[in-house]
Amino acid sequence: MAALGIRYKFPFENQSLIINVFNNYVGKQYSDSKNTEEGSADGKLGAVPAYNVMNATINYSRKHWGVYVNVNNLLDEKYFTLRWASWNGIIPSPGRNFMVGAQFKF
């Protein structure tokens, strides 16, 4: 596993804008203790390929409040992190998704 990112803060008098872009890399993994490489027909056994996921956040804050936008899987990569026998094979990871919010400080 490795993470690499860049973050920049634009400071103003009583406010700030922070932009953060980062990438998470996860190397190849195996679904069983025998490190079975070839995937089975039902998807329960086999290697879980390496993947990269890029995310971004934008945060704007003032003295007592702020807003933010997060974008997960910015490049809409198709990948999976799990082969689960109980759920009949490969569990796909979510595509690009967004989160918007606000915060208040008392």
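The values are calculated or read from the model by the stated rules, or taken from the named source; none is laboratory data. Keep in mind that this is a model prediction, so the values were computed, not measured. Here the Cβ positions follow ideal geometry from the backbone for every residue, glycine too, while neighbour counts run over all protein chains shown. Keep in mind that these areas ignore ligands, DNA and RNA; they rest on the heavy atoms of the full protein, side chains included. Shrake-Rupley method; radii C 1.70, N 1.55, O 1.52, S 1.80 Å.
Structure summary
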item: Rounded to the nearest 20 debye, dipole of the chain from Cβ charges on Lys, Arg, Asp, Glu; result: 480
item: Using a Förster distance of 35 Å, the FRET efficiency for Phe106-Val26 (Cβ separation, nearest 0.05); result: 0.35
item: Fraction of accessible area attributable to carbon and sulfur, the chain (%, probe 1.4 Å); result: 59
item: Whole-number accessible area per residue in Å² for the chain, which is evaluated in the context of all protein chains at 1.4 Å; result: 72
item: Check: the stretch 45-106 dipole with +1 on Lys, Arg Cβ and -1 on Asp, Glu Cβ, in debye; result: 300
item: Per-selection Kirkwood Rh - the stretch 1-59 (Cα, Å, 1 d.p.); result: 14.3
item: All-pairs Cα distance distribution in the chain, expressed in whole percent, bin size 5 Å; result: 3, 11, 16, 16, 13, 11, 9, 7, 6, 4, 3, 1, 0
item: Other-chain or far-sequence residues with amide H under 5 Å of Thr36's (modelled H); result: Ser31, Gly46
item: Percent RCO, i.e. relative contact order, over the chain, from Cα pairs under 8 Å lying at least 6 residues apart; result: 23
item: Protection proxy ranking of 52-60, 36-44 - average other beta-carbon atoms within 10 Å, highest first; result: 52-60, 36-44
item: Net length gained if the chain between Asp76 and Ala41 were fully extended (0.36 nm per residue, minus Cα distance); result: 10.0 nm
